[in-house]
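The values are calculated or read from the model by the stated rules, or taken from the named source; none is laboratory data. Nothing here was measured: the structure is a model prediction, and the numbers come from that model. Cβ placement follows ideal geometry from the backbone for every residue including glycine, while neighbour counts extend to all protein chains displayed. Just so you know, the surface numbers come from the protein's heavy atoms only, side chains and all, with ligands and any DNA or RNA stripped out. Shrake-Rupley method; radii C 1.70, N 1.55, O 1.52, S 1.80 Å.
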Amino acid sequence: MDTTKTPAPNAAEADTTPVALDKTETGRPAEAEAAAAVTDEATDEVTDADLDDEALAEDEDADREPSHVGSAAFAIVAAGLGVVALSGSWVAGIVSERASISARLELTQAADANAQIAAQFVDPWHTTAMVNGIFSALALIVATFVLALPAFSSPERTLPTWVRSVSWAGIGLGALGVLLFVLMYFDLLLAIPKAAGAGA
């Protein structure tokens, strides 16, 4: 009697094919590492580009020259004050008229001609000279301040040529106005007129 068993014809054959575990397990991590490397490189490039832009902007700001708007404005003001001091202003006219009226009110009926001349002409003349001298002194101070300003700031800072020219013009006009003030106020430029035969 044959006791060997034959496999059933419809029995499923055992799958003895070895499975490649290395291929299935290592595929995804390799792709993830490649994607992470690309992302890091892109981040580094963006960061470097941003740093380069910021450094370039800082260099441009450092190389940019100051506008000197304030210095130019003060220089023009100084020159204007010098011109006003030499040509006269409505302020000087008003103060002169007030001085003339005040001197006339102080006159008496017995005042001689020299007193009347002093009240009508000399006092207003001196008052006008004083007002113009104040304007001249202001022009001189402002113009000198503008020219001396770079010495108190950064050593490489220099004023534009036209600003320095206007400042020097203000200094010249201011100095001339101060000189005229001294000559007029102390009656050195023109002598005070005297009435002939007036009592002492």
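Between A196 and V95, what FRET efficiency follows from the Cβ-Cβ distance if R0 is 41 Å, with the result rounded to 0.05?
0.85
With a 1.4 Å probe and every protein chain kept in, tell me what percent of the accessible surface of segment 131-192 is carbon plus sulfur.
78
Per residue, how big is the convex hull of segment 74-200 when only Cα atoms are used? Give it in Å³.
104
For L86 and E106 in one chain, what is 0.36 nm times their gap in residues minus the Cα-Cα distance, to one decimal in nm?
Length gained between L86 and E106: 4.2 nm.
If you take the beta carbon distance between A151 and L183 as r and set R0 to 35 Å, what does 1/(1 + (r/R0)^6) give as a FRET efficiency, to the nearest 0.05? Walk me through the intermediate numbers first.
Working: r = 33 Å, r/R0 = 0.93.
In this case the efficiency is close to 0.60.
Please give, to one decimal in nm, the separation of the simple spin-label points placed at A113 and A73, each 7 Å out from Cα toward the Cβ.
5.5
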